[in-house]
Amino acid sequence: MITVPALLATTAPPVASLRVHGERSTFSVVVEENTETGYDIRIRCVSACDHPIDFIEPIDDVPMGLITRDQGELVYSLWSGGSTYRVRVWKVSDRGVRKVAELSSRGRPDFLTDETGRPAIRTYESDRGIGPLKPVLRSFIHDRFVVAP
């Protein structure tokens with residue numbers, strides 16, 4: 001008879017997951033429950049890795065999904081943070097993992113491409129939480145999302 005340690009038997013399946021490809025490497029992106037912090041996002045190289053990459057970040061918002069648009073080595077995640085949506089974006093490449101954005105939006109954000117072909121995110125904001133929501137477009141320029149001039 002084979003026994004499984006209790007720790008392995010209680011491991012919960014991922015809340016969300018996807019695979020992304022760098023120039024040569026393949027990455028696993030997983031959101032997992034964490035009893036201490038709420039959730040963890042884990043990004044690790046699983047194939048053709050130049051060096052070991054195993055990135056973990058605890059997040060205390062509730063996950064809604066993971067998105068990749070196969071554009072700019074970017075992985076987008078959408079979270080619920082009380083009365084706002086939170087967008088977190090990481091650049092995932094053969095060199096490593098780096099967070100490039102953490103944005104909030106009062107309305108469901110849009111993931112799109114701007115008029116020049118760059119990745120973009122449209123969030124919806126309001127002054128002091130009152131009045132109509134105003135769309136704000138941020139484009140990916142020089143490795144970060146900025147309000148385009």
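The values are calculated or read from the model by the stated rules, or taken from the named source; none is laboratory data. Everything numeric here is computed off the predicted structure, so don't read it as measured data. All Cβ positions, even for glycine, are placed from backbone atoms using ideal geometry, and neighbour counts span all protein chains on display. With ligands, DNA and RNA removed, areas are computed over all heavy atoms of the protein, side chains included. Shrake-Rupley method; radii C 1.70, N 1.55, O 1.52, S 1.80 Å.
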Inset, instruction - Please report, in whole Å, how far the alpha carbons of region 109-149 spread along each principal axis, starting with the longest. - result: 32, 16, 15
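At a 1.4 Å probe radius, which order do GLU32, GLU23 fall into by accessible area, largest first?
Values: GLU32 65, GLU23 135 Å².
Most to least solvent-accessible, the answer reads GLU23, GLU32.
How much of the accessible area of the chain, in percent, comes from carbon and sulfur atoms when a 1.4 Å probe is used? It would help to have the intermediate numbers written out before the result.
Working: 4490 of 8830 Å².
Here it works out to 51 percent.
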Legend entry - Highest-first arrangement of 43-52, 66-75, where packing means the average Cβ count within 10 Å: 66-75, 43-52
Inset, instruction - Enumerate the calculated ³J(HN,Hα) couplings along region 70-82 in order (Karplus 6.51 cos²θ - 1.76 cosθ + 1.60, θ = phi - 60°), each rounded to whole Hz, writing x wherever the residue is Gly or Pro. - result: 6, 9, x, 6, 9, 10, 9, 10, 10, 9, 9, x, x
Inset, instruction - State to the nearest 20 debye the size of the charge dipole of region 28-135 about its Cα centre, where the only charges are +1 on K and R beta carbons and -1 on D and E beta carbons. - result: 380
Legend entry - Overall form of the chain per C-alpha gyration tensor (a/c, 1.5; a/b vs b/c): oblate
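Keeping all protein chains in place, calculate the accessible area per residue for the chain (probe 1.4 angstrom), answer in Å².
Values: 8830 Å² over 149 residues.
Value for the chain: 59 Å² per residue.
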Legend entry - Label-point separation, SER126 to ALA148 (7 Å along Cα→Cβ), nm: 2.7
Legend entry - Amide H contacts of VAL100 (H built 1.01 Å from N, under 5 Å, at least 5 apart or other chain): VAL89, TRP90, LYS91
Inset, instruction - Go through PRO14, GLY117, GLY81 and say which Cα lies farthest out towards the positive end of the charge dipole of the chain; charges sit on Cβ, +1 for Lys and Arg, -1 for Asp and Glu. - result: GLY117
Inset, instruction - Give the long-range amide H neighbours of ASP114: residues separated by 5 or more places, or on another chain, with amide H under 5 Å away, using H modelled in the peptide plane at 1.01 Å from N. - result: ALA120
Inset, instruction - Please turn the phi angles of region 95-105 into ³J(HN,Hα) values with the Karplus equation 6.51 cos²θ - 1.76 cosθ + 1.60 (θ = phi - 60°), one per residue in order, whole Hz, x for glycine and proline. - result: 7, x, 10, 9, 6, 10, 7, 9, 10, 10, 8
Inset, instruction - Please calculate the 1.4 Å probe accessible area of LEU112, with all protein chains present, and give it to the nearest 10 Å². - result: 40
Inset, instruction - Would you check the accessible area of TYR85, probe 1.4 Å, heavy atoms only, in square angstrom rounded to 10? - result: 60
Legend entry - Amide H contacts under 5 Å for GLY72, placed H, 5+ residues apart: none
